[in-house]
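Q: One structure follows; several queries about it will come next.
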Amino acid sequence: MNFFKKEDPKEAQRSNDRQLRRTNRDLSHDYKQLERREKELEMEIKKLAKTGQISACKTLAKQLVQIREQKTKNIAMGARVTSVGHQAKTMGSMGTMATAMGTTANTMKIVDKQMPLEKFAAQMRDFQQTNDRMDMKAEVINDTLDSMLDVDEGEEEAVINQVLDEIGIEVRGKMPSVPMGTSDFTSTKTKTGNDISDADLDRMLASLKS
C-alpha cells in the first residue's frame, strides 16, 4: 500500500457511500429485530396478565419500554446517517465546484499572462495608428492622382487645337499629291492638290475641330 499516494476524492466519496449504506442496512436489521422482540413481549405480558402474574408483567413491561426507546434511537440514528450521507454528497459536489473554479482561475491566469492588458492596449493603439496612416497615405495618393489626371477644359481645348493644327500641317504638306473627292471640305467640283486654297484648308480644319 502506498501511504504517500493522495486518495482520489471521487473514490473516497464512493467508499464513504458504501459505509453509510452498510450502516443503514445494519440499523434496519436491528430495527426489525426490535420489532419482533416488542411483539413477543406484548404477547408474553398479555399471557401473564391473564394468569394474574402482575410482578412478571411489570418486569416485561420495563423491557418493552426499553425496546421502544431503542427503536426510537434506531430511527434517529438512521436519520442521522442519511443526513451525513447527504452532507457528504453536498461536500463532494462543493469540492468538485471548487476544483472547477480553481482550474478556471488557473486558465484565466495563463490567458492573462499570455495577453496582458497593457500589451493588448498597446497593440490596439498601434493597429489604430497604422490604419490611420494607411488611410492618410491613400487619401494623399488619390489627391495626387486626381491633380495629375485632372485636365483644365481650356488646356484640353488648346491641346486638341494643337493636334488638329499638326494634322492640318501634315494634310497641307500632302495635299498637292492627294486628289480630293466631293465633300464638305471642297466644292462640288473635283479638285487636285494644286486647286486647294487656304480657305478650303481652313474649312477642313474647322470641320475636324467641330
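The values are calculated or read from the model by the stated rules, or taken from the named source; none is laboratory data. Remember, predicted model here, so these are calculated numbers, not experimental data. Note that we place each Cβ from the backbone using ideal geometry, even for glycine, and neighbour counts take in every protein chain shown.
Q: Determine which single condition residue 52 fails, assuming it passes every other condition in (1) under 54 Å from the mean Cα position of the chain (by Cα); (2) not in a helix (DSSP H, G or I).
A: Result: residue 52 fails condition (1) only.
Q: Is there a residue in the range 20-30 that is part of a helix (DSSP H, G or I), loosely packed, with under 15 Cβ neighbours inside 10 Å and in contact with a Gly (Cβ under 9 Å, 6 or more places away or on another chain)?
A: Checked against the condition, which is being part of a helix (DSSP H, G or I), loosely packed, with under 15 Cβ neighbours inside 10 Å and in contact with a Gly (Cβ under 9 Å, 6 or more places away or on another chain), the range 20-30 yields at least one hit.
Q: Here is a check on your reading of the model: is residue 129 exposed (fewer than 10 other Cβ atoms within 10 Å of the Cβ) and without any contact (Cβ under 8 Å) to a residue 12 or more places away in the chain? It would help to see each step written out before you state the result.
A: Numbers: exposed (fewer than 10 other Cβ atoms within 10 Å of the Cβ): no; without any contact (Cβ under 8 Å) to a residue 12 or more places away in the chain: yes.
It is false that residue 129 is exposed (fewer than 10 other Cβ atoms within 10 Å of the Cβ) and without any contact (Cβ under 8 Å) to a residue 12 or more places away in the chain.
Q: Let me ask something additional. Show the residue pairs that are 6+ apart or on different chains and have beta-carbon atoms under 6 Å apart, the first residue being within the range 78-105 and farther than 15 Å from residue 21 by Cβ and modelled with pLDDT under 85, the second being of a type outside the set (Ser, Thr, Tyr) and in a helix (DSSP H, G or I).
A: Note: pairs meeting the criteria are 92/13; 95/9.
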